[in-house]
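The values are calculated or read from the model by the stated rules, or taken from the named source; none is laboratory data. Fair warning: this is a prediction, and the values are worked out from it, not measured in the lab. Virtual Cβ from ideal backbone geometry, glycine too; neighbours counted across all protein chains shown.
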Amino acid sequence: MNVSDGAVEAAATAIGEADSVVAMSGAGVSTASGIPDFRGEDGLWETKDPMDFHIDRFRADPEGFWADRVELQDVIFADGDVAPNAAHEALADLEAAGHLDALVTQNIDGLHQDAGSEDVIEIHGSAARVVCRECRHRFDADPVIERAREGDLPPTCEECGDGVLKPDTVLFGEQLPEHALMKSHAKAQNADVFLVAGSSLTVEPAASLPREAAQRDATLILANLESTPLSERADFDFRADVTEILPRLRDAV
Ligand SMILES: [Zn+2]
């Protein structure tokens, strides 16, 4: 579907005039960089067993968990060959220009930060970090993944000595990080404009954020290839590729 320049201009005006704009990104922003979707028909969980990545499996068998996790890393990050795309860059540019108050993401790949976004709220955690189960110290994931790849299983903490390290993502069976969720809700409750990018809005509690903003009469802008449960309510429902529509929005603001 073609999105008219007039509609883009109108949405950009809403962004430009708002006191607070909050964006939320979902899988569609990552898949445009070649990262596989986790859910859906061709999703990662159709070929990988989600139970292998459950918190109970991590607790019972951290060695086996990490062996599987190293393999998953190569699938998620296409053997290290992924980079931010035009959608990531447009969101980073909007923030740099003072037009984005916060960016909530359901993605765990860290590509928003790679593109230059600074205030990123990662409600599903980040695969770019690991966390110690004992002292809660966080580390860059890359060297830890390398240690695991070389057979250091499970990798343990160099800070406290013996805590087992866990990917700092929300595993199946784990709660979402409370602080990130509270911050997201606070931002959504204060937003004049809520921009959803590449999310089908089918996963809770992420979907509740734009819903809350919409209930308060915030301007709702959706940029997603498919229809979403909020499409009828949306002020702008752009059924378009995020790498095409977000740069157009940025350029028009
Ligand atoms: Zn530790």
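GLU89 versus (1) in contact with a strand residue (DSSP E or B) (Cβ under 7 Å, 6 or more places away or on another chain); (2) acidic (Asp, Glu); (3) not in a loop (DSSP other than H, G, I, E, B): which is the lone unmet condition?
Checking GLU89 against (1) in contact with a strand residue (DSSP E or B) (Cβ under 7 Å, 6 or more places away or on another chain); (2) acidic (Asp, Glu); (3) not in a loop (DSSP other than H, G, I, E, B), the one that fails is (1).
Any idea which of (1) away from the ligand (no atom under 16 Å from the Cβ); (2) of a type outside the set (Phe, Trp, Tyr); (3) closer than 20 Å to PHE65 by Cβ is the one HIS185 doesn't satisfy?
Here HIS185 clears every test but (3).
Listed residues ASP81, ASP74; which is exposed (fewer than 14 other Cβ atoms within 10 Å of the Cβ), in contact (Cβ under 8 Å) with a residue 40 or more places away in the chain and of a type in the set (Asp, Glu)?
ASP81
Considering (1) away from the ligand (no atom under 16 Å from the Cβ); (2) more than 30 Å from ALA102 (Cβ to Cβ), say which one CYS160 fails and leave the rest.
Here CYS160 meets the rest and fails (1).
Have a look at GLU134, GLU122, GLU118 and point out the one that is within 16 Å of the ligand (Cβ to nearest atom), at pLDDT 95 or above and charged (D, E, K, R).
GLU134
Checking the condition in contact with a Phe, Trp or Tyr (Cβ under 7 Å, 6 or more places away or on another chain), over 17 Å from GLY28 (Cα atoms), small (Gly, Ala, Ser) and touching a residue at least 12 places away in the same chain (Cβ under 8 Å), which residue from ALA252, ALA218 passes?
Exactly one residue qualifies, and that residue is ALA218.
Tell me which residues, restricted to the range 109-156, are touching a residue at least 60 places away in the same chain (Cβ under 8 Å), in a helix (DSSP H, G or I) and either more than 20 Å from ARG69 (Cα to Cα) or out of contact with any Pro (no Cβ under 9 Å at 6 or more places or on another chain) (or both).
Hits for the range 109-156 are HIS112, ARG149.
Please determine whether any residue of the range 188-200 is among the β-branched types (Val, Ile, Thr), modelled with pLDDT of 95 or more and more than 13 Å from the ligand (Cβ to nearest atom).
Yes, that holds for at least one residue.
Do the conditions hold for PHE38, that is, is it without any contact (Cβ under 8 Å) to a residue 12 or more places away in the chain and either closer than 25 Å to ALA234 by Cβ or under 16 Å from the mean Cα position of the chain (by Cα) (or both)?
The answer is yes for PHE38.
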